[in-house]
Amino acid sequence: MIKGKFTTLRAVEKVDLAQLLFWRNQPELRRYFREYRELNHEQQLDWFNQKVNNDISTRMFSIIDDQKTLIGAAGLCYIDWINRTADFSIYIGIEGLYIDKHFAPDAAQTMIKYAFEELGLNRLWSEIYSFDNEKAIFFSELGFQLDGKHRQTHWAENNWHDSLFFSLLASDPRT
């Protein structure tokens with residue numbers, strides 16, 4: 001377990017899967033994910049068994065609040081151990097918040113510290129879709145910088161949207 005001020009990051013457990021799947025399949029949250037399809041229990045279990053339990057390029061965590069309630073998920077995916085980079089993702093699923101002002105920043109800062117100080121990574125990056133101003137602001141407040149964009153990569157809400165790529169280096173100042 002990795003403790004923040006208001007949250008704890010712990011390994012995803014099988015008991016978390018039903019709740020994570022429920023959040024993951026909510027249309028208002030699913031629009032933010034690369035995997036746009038609604039997932040079933042078998043697909044969620046495959047993800048857990050293949051990526052969470054057996055893939056050295058993935059570190060997934062459940063976000064737990066002070067009352068020991070599952071409130072979201074955060075992870076490092078596509079970890080490149082040679083170049084010391086990883087894709088950083090986070091969401092708060094409880095009450096459909098997605099990104100809030102209390103739990104998400106604490107969990108994110110905890111994950112960033114873990115990535116840089118415990119895993120020795122040098123660069124974290126995140127892909128955010130151009131319609132997602134809230135998450136772009138959130139990542140900017142964490143110290144991430146906009147590296148660039150790929151045009152019209154994500155189809156949502158009957159429109160094409162750009163992918164914005166943000167990154168944070170271990171040497172960058174953080175809040």
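The values are calculated or read from the model by the stated rules, or taken from the named source; none is laboratory data. Not measured: the values here are computed from a predicted model. Note that we place each Cβ from the backbone using ideal geometry, even for glycine, and neighbour counts take in every protein chain shown.
A few comments on the model shown:
- Some residue of region 8-29 being in a loop (DSSP other than H, G, I, E, B) and either within 23 Å of Ala136 (Cβ to Cβ) or aliphatic (A, V, I, L, M) (or both): yes
- Under the condition of being over 25 Å from Arg84 (Cα atoms) and part of a strand (DSSP E or B), the residues counted in region 130-153 number 3.
- Any hit, region 141-151, residues being crowded, with 19+ Cβ neighbours inside 10 Å, modelled with pLDDT under 95 and either under 26 Å from Leu21 (Cα atoms) or not aliphatic (A, V, I, L, M) (or both): no
- Total residues in region 42-59, condition closer than 11 Å to Leu17 by Cβ and aliphatic (A, V, I, L, M): 2
- Enumeration of residues in region 39-68 that are modelled with pLDDT of 80 or more, of a type in the set (D, E, K, R) and either buried (at least 18 other Cβ atoms within 10 Å of the Cβ) or assigned to a loop (DSSP other than H, G, I, E, B) (or both): Arg59, Asp65, Asp66, Lys68
- Residue list for region 9-35, filter: touching a residue at least 40 places away in the same chain (Cβ under 8 Å) and exposed (fewer than 11 other Cβ atoms within 10 Å of the Cβ): Glu28
- Checked against (1) in a loop (DSSP other than H, G, I, E, B); (2) of a type in the set (A, V, I, L, M); (3) buried (at least 19 other Cβ atoms within 10 Å of the Cβ), Leu76 passes all but condition (1).
Table: residues versus (1) modelled with pLDDT under 95; (2) surrounded by 20 or more Cβ atoms within 10 Å (Cβ to Cβ); (3) outside any strand (DSSP E or B); (4) in contact with a Phe, Trp or Tyr (Cβ under 9 Å, 6 or more places away or on another chain).
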residue	(1), (2), (3), (4)
Gly120	no, no, yes, no
Ile128	yes, yes, no, yes
Phe166	no, yes, no, yes
Pro173	yes, no, yes, no
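- Any hit, region 91-103, residues being touching a residue at least 40 places away in the same chain (Cβ under 8 Å), assigned to a loop (DSSP other than H, G, I, E, B), more than 13 Å from the chain's Cα centre (by Cα) and farther than 28 Å from Arg151 by Cα: yes
- Matching residues in region 44-91 - criterion: being closer than 14 Å to Glu127 by Cα and charged (D, E, K, R): Asp87
- Any hit, region 62-77, residues being of a type in the set (A, V, I, L, M) and either more than 22 Å from Lys113 (Cα to Cα) or out of contact with any strand residue (DSSP E or B) (no Cβ under 9 Å at 6 or more places or on another chain) (or both): no
- Annotation note: Cβ proximity below 8 Å between a residue of region 36-58 that is among the charged types (D, E, K, R) and a residue that is crowded, with 16+ Cβ neighbours inside 10 Å (sequence gap 6+ or interchain) occurs for Glu38/Arg30; Lys51/Thr58; Lys51/Met60.
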